[in-house]
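The values are calculated or read from the model by the stated rules, or taken from the named source; none is laboratory data. Source: prediction; values computed, not measured. Here Cβ is always computed from backbone atoms with ideal geometry, including for glycine, and neighbour counts include all displayed protein chains. Side chains included, ligands, DNA and RNA excluded: accessible areas come from the protein's heavy atoms. Shrake-Rupley method; radii C 1.70, N 1.55, O 1.52, S 1.80 Å.
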Amino acid sequence: MVRAIGLYSALFGVWLLLSGFFSPFFLGLAVLCCGLVVAIVLRMDAVDRMPLPFGLNWRLFTYLPWLGWQIVVANIDVARRVLSPGLDIDPRLDWIPSGQKSDLGTAVYANSITLTPGTVSTSVEAGRILVHALSPHGLADLEQGAMDRRVSGIER
């Protein structure tokens, strides 16, 4: 029951932060909707088995700024390729190895690839991810494995 109350509190807190509406009508709707979501999750018997594989691993706090920087660098690269007629856009589709041990770790890795401009994860299989990149340079960065190692480090 503690996790159900925690889930309700988290949902209501996120709603308050994101909505910006504090009239009694909207607060009532928030209370009702958050309660409905918690009731559905309890009915599914999923609230007590919520996995927390990453916990509060300190590597997560170093990974997120690193990922943010990679997004900035990739944005600049994509903008240069679009605006500069001398730089070719040469799309590639290739499999990138994935060393994560859990499904959640693989999902974090695939989503991190997709968040980085110029690359999109299109398919995930055991031990590898199919990535579409605007240039061979984008694939080469992923093949070096820095992002893969960092996401694997969060899992431990």
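Tabulated data for the structure shown
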item	result
Residue count for the range 94-112, restricted to those that are without any contact (Cβ under 8 Å) to a residue 40 or more places away in the chain and not hydroxyl-bearing (Ser, Thr, Tyr)	5
Single condition Gly55 does not satisfy, out of (1) loosely packed, with under 10 Cβ neighbours inside 10 Å; (2) at pLDDT 90 or above	(2)
Pairs, first touching a residue at least 40 places away in the same chain (Cβ under 8 Å) and in a helix (DSSP H, G or I) in the range 131-156, second open to solvent by 30 Å² or more (accessible area, probe 1.4 Å) and among the polar types (S, T, N, Q), C-beta under 7 Å, six or more apart	Glu155/Ser102
Residue within the range 78-85 that is surrounded by 13 or more Cβ atoms within 10 Å (Cβ to Cβ), modelled with pLDDT of 90 or more and either closer than 24 Å to Leu60 by Cα or not small (Gly, Ala, Ser) (or both) present	yes
One residue from Thr114, Thr119 being hydroxyl-bearing (Ser, Thr, Tyr) and open to solvent by less than 50 Å² (accessible area, probe 1.4 Å)	Thr119
Members of the range 140-153 found to be more than 21 Å from Lys101 (Cα to Cα) and either loosely packed, with under 15 Cβ neighbours inside 10 Å or modelled with pLDDT of 90 or more (or both), listed by number	Ala140
Residue tally, condition touching a Gly at 6+ places or on another chain (Cβ under 7 Å) and in a loop (DSSP other than H, G, I, E, B), over the range 60-88	0
Of residues in the range 1-32 being over 20 Å from Met44 (Cβ atoms) and not in a helix (DSSP H, G or I), the one nearest to the chain's Cα centre (by Cα)	Gly20
Selection from the range 128-138 of residues that are modelled with pLDDT under 90 and not polar (S, T, N, Q)	Pro136, His137, Gly138
Within the range 113-130, tally of residues that are touching a helix residue (DSSP H, G or I) at 6+ places or on another chain (Cβ under 6 Å) and either touching a residue at least 60 places away in the same chain (Cβ under 8 Å) or not aliphatic (A, V, I, L, M) (or both)	5
Residue match in the range 91-110 (condition: in a loop (DSSP other than H, G, I, E, B), β-branched (Val, Ile, Thr) and either touching a strand residue (DSSP E or B) at 6+ places or on another chain (Cβ under 9 Å) or open to solvent by 30 Å² or more (accessible area, probe 1.4 Å) (or both))	no
Contacts under 8 angstrom Cβ, first residue in the range 70-83 being within 10 Å of Gly118 (Cβ to Cβ) and in contact (Cβ under 8 Å) with a residue 40 or more places away in the chain, partner assigned to a helix (DSSP H, G or I) and open to solvent by less than 40 Å² (accessible area, probe 1.4 Å), 6 or more apart	Ala74/Gly138; Asp77/Gly138
